[in-house]
Amino acid sequence: MTKLKRIFLITVFVLGSQLSMTSFAATLKVIANASVEESELKLKDLRSIYTMKKSIWSNGDRISVFVLSGDNATHKDFCRSLLKVFPRQLESVWYRLVYSGTGEKPVSVSSEEEMVKRVSNTPGAIGYIRSESLHEETKVISIK
Amino acid sequence: MASSFKGSRLIEKILCIFFSGVLFSGMAFADQSDWFQRSNWSAFVSQTAIYSSDYNFLSQSDDSLSFDMWEAGFLASTVVKEKLTFSAQVLGRKVSEASGDDLRADYAFFSYPFYQTMTDTLGVRIGRIRSSYGLYNETRDMPHTRTGIVMPQSIYFDMTRNSFYSADGIEFFGYRDFDDQRLSAQIFFSKPVADEDEISQIAQLTPSNLEGDKSLLFKISYGSEYDGLRSSFTYYRPEYKVDVSLPVGVMTIFEDDASVYSESMVTSLEYNQFDWSITVEYLRHKFETNIPALENIPGFQAKNTGYEEAFYIQGLYRFSEQWESYIRYDSSEGHKNETLKDNEKWHDINFGGSFRPSESWLLRAEFHYVDGLARLFGRDNAFSEKQDPYWTAAMFQVAYKW
């Protein structure tokens, strides 16, 4: 293989993988219960919510945080692409809170369907999905 | 089971039964009222195999593979009503043949944030509370939150784990969030939990009675736990009352007003990025025994003070979600003008790796090359005048959490 051809193939591979990651990440949506007043969040606020630091919304309602299980592909994508953290690191933060008795970990759900259902039924709830199936009691939060 | 602090053990058992009852009845009635909402439980168990040369390290591992070391924890928490929460943990562990299997109520406390906005919180905790000493004392027993199989022994001594881990008292805490950075402070007034085996060993006393007197912990910290820098400073001073009898010439002096205290100042820095972390913690440690009966006896002094400086530096690299490895240099030295004795120093170069095949399982292996004996349990080792200060240990661990 010539050097030029090798460089071309590597470039195509890298660009292709970047494009596929971008489109994969782009379909991720952060959703919240319709009672939540915020329609957009800074990435730092989202990180604070998912590390269980920020516990109340601007209107004083408690934030209920929902996550998919640690081995779920959407959860891995949410952690790595959006929060920029390995899922295990995030778990360590939660377990430090739980095992010191000073905080709670998020509520884990088993599927995106359950995520939509729980977020729509829980005032102040936040979650994330990759599918398009939104419930009328949920809203999409844009991340700045 | 360790023979020490039987009274405290009784209190722990009563606490366990009482709080277990509260939690389980709470879970049962949770759907019928606004009491005992969001009740949760978690648990973990780990088994460690250790092989060491020359000395017994956290088990009977001298030139043999030992499976003595195990840990198991069960914790439960509930929102009692509105913002009032209750958390409790029972921990079983064995790290020394001499101390045997140990079961204790690690913590059991109520927490109430009396002022809370989007960015600020002020609150109080009451009960048996974990001492938030350094970056990692609060979660040192949970394998999934540690970097290696054993904590850096220079700062987080397993020799005095029970005495330093938690205490009965009241803690005020507050924090302010600046985006994803948090400034937090806490002050903890308590009566230390006393473990006669541990305190008598570090104070080199043979107490007939040991009781926690009072302790103060203050901590301030700033930063983010997984992105960028975080730092903290901890001041911790537990004090103990002790009865001792000492041979002085042909006589034996009995003192029922002796005391021991330990004063620790820990400065901690950690830098976290997506796939790597560096941690440095530095400890300035002072300890003093005071036996007033020796004050007027020629050749003796009532107060004996010791100093120790310790630090560790650790690098962690995450290869993927499953695999990570670390390397650490862990050092402690008694602060003396003359030449350091082997039992006053601890220089441990250690490295290891972990594999997490799933959310629950964790497998670890690590290797230690040590110069010094300062963190070895005297009760597990018969030290001679001419011992070799250089030794090694290999460790393997499997852990599971629910």
Peptide-level mean, for A:56-62, of C-beta atoms on other protein chains within 10 Å: 2
Residues whose placed amide H lies under 5 Å from that of A:Lys54, excluding near-sequence neighbours: A:Ile49
B:Ala258 long-range amide H proximity, modeled H, under 5 Å: B:Val242, B:Val244
Phi-based couplings in Hz for the stretch B:182-191 (Karplus 6.51, -1.76, 1.60; Gly and Pro marked x): 10, 9, 9, 9, 8, 9, 10, 9, 7, 10
For B:Gln37, distant residues with modelled amide H under 5 Å away: B:Val79
Cα-centred dipole magnitude for the stretch A:37-144, charges only on beta-carbon of K, R (+1) and D, E (-1), debye, nearest 20: 640 debye
³J(HN,Hα), Karplus 6.51/-1.76/1.60, whole Hz, each residue of the stretch B:306-322, x for Gly, Pro: x, 10, 8, 10, 9, 7, 9, 10, 9, x, 10, 10, 9, 6, 7, 5, 9
Inter-label distance for B:Asp213 and B:Tyr329, nm, one decimal - labels placed 7 Å from Cα along Cα-to-Cβ: 3.9 nm
Label-point separation in nm, B:Asp388 to B:Val248, each point 7 Å along Cα→Cβ: 4.3 nm
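Any chance you could run the full-extension gain for B:Ile126 through B:Phe67? It's 0.36 nm times the residue separation minus the Cα-Cα distance, nm to one decimal. Intermediate results must be reported in sequence, preceding the final value.
Working: separation 59, 0.36 × 59 = 21.24 nm, distance 3.71 nm.
The B:Ile126-B:Phe67 span can extend by a further 17.5 nm.
Relative contact order for the stretch B:279-402 using alpha-carbon pairs under 8 Å, separation at least 6, rounded to a whole percent?
Worked out over the stretch B:279-402, it gives 18 percent.
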Vicinal HN-Hα couplings computed from phi for the stretch A:106-122 (Karplus, 6.51 cos²θ - 1.76 cosθ + 1.60; Hz; Gly/Pro x): x, 7, 8, 10, 8, 8, 5, 4, 5, 4, 4, 5, 5, 5, 5, 8, 10
Whole-Å distance, taken between Cα centres, linking the stretch B:38-66 and the stretch A:107-136: 41 Å
Residue among B:Gln37, B:Pro238, B:Leu373 farthest towards the positive dipole end of the stretch B:6-396, charges placed on Cβ: B:Gln37
Average Cα contact separation per residue, the stretch A:28-143, under 8 Å, 6 or more apart, as relative contact order %: 47 percent
Contour excess over end-to-end distance, with Cα ends at B:Val45 and B:Glu263 and 0.36 nm allotted per residue: 75.3 nm
Restricting the stretch A:40-116 to trypsin sites (Lys or Arg not before Pro) in coil, as DSSP defines it, with at most 10 other Cβ within 10 Å: none
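Which links in A:Lys29/A:Lys117; A:Lys53/B:Lys94; A:Lys144/B:Lys81; A:Lys44/A:Lys139; A:Lys53/B:Lys81; A:Lys54/B:Lys94 stretch past 26 Å when you go from one Cα to the other?
Those over the limit are A:Lys53/B:Lys94; A:Lys144/B:Lys81; A:Lys54/B:Lys94.
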Within the stretch B:6-396: Cβ-based charge dipole about Cα centre, in debye rounded to nearest 20 (Lys, Arg +1; Asp, Glu -1): 860 debye
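Every number in this text was worked out from the coordinates using simple rules, so none of it is lab data. From a predicted model like this one, the values you see are computed outputs, not experimental measurements. Backbone-built Cβ (ideal geometry, glycine too); neighbour counts: all protein chains shown.
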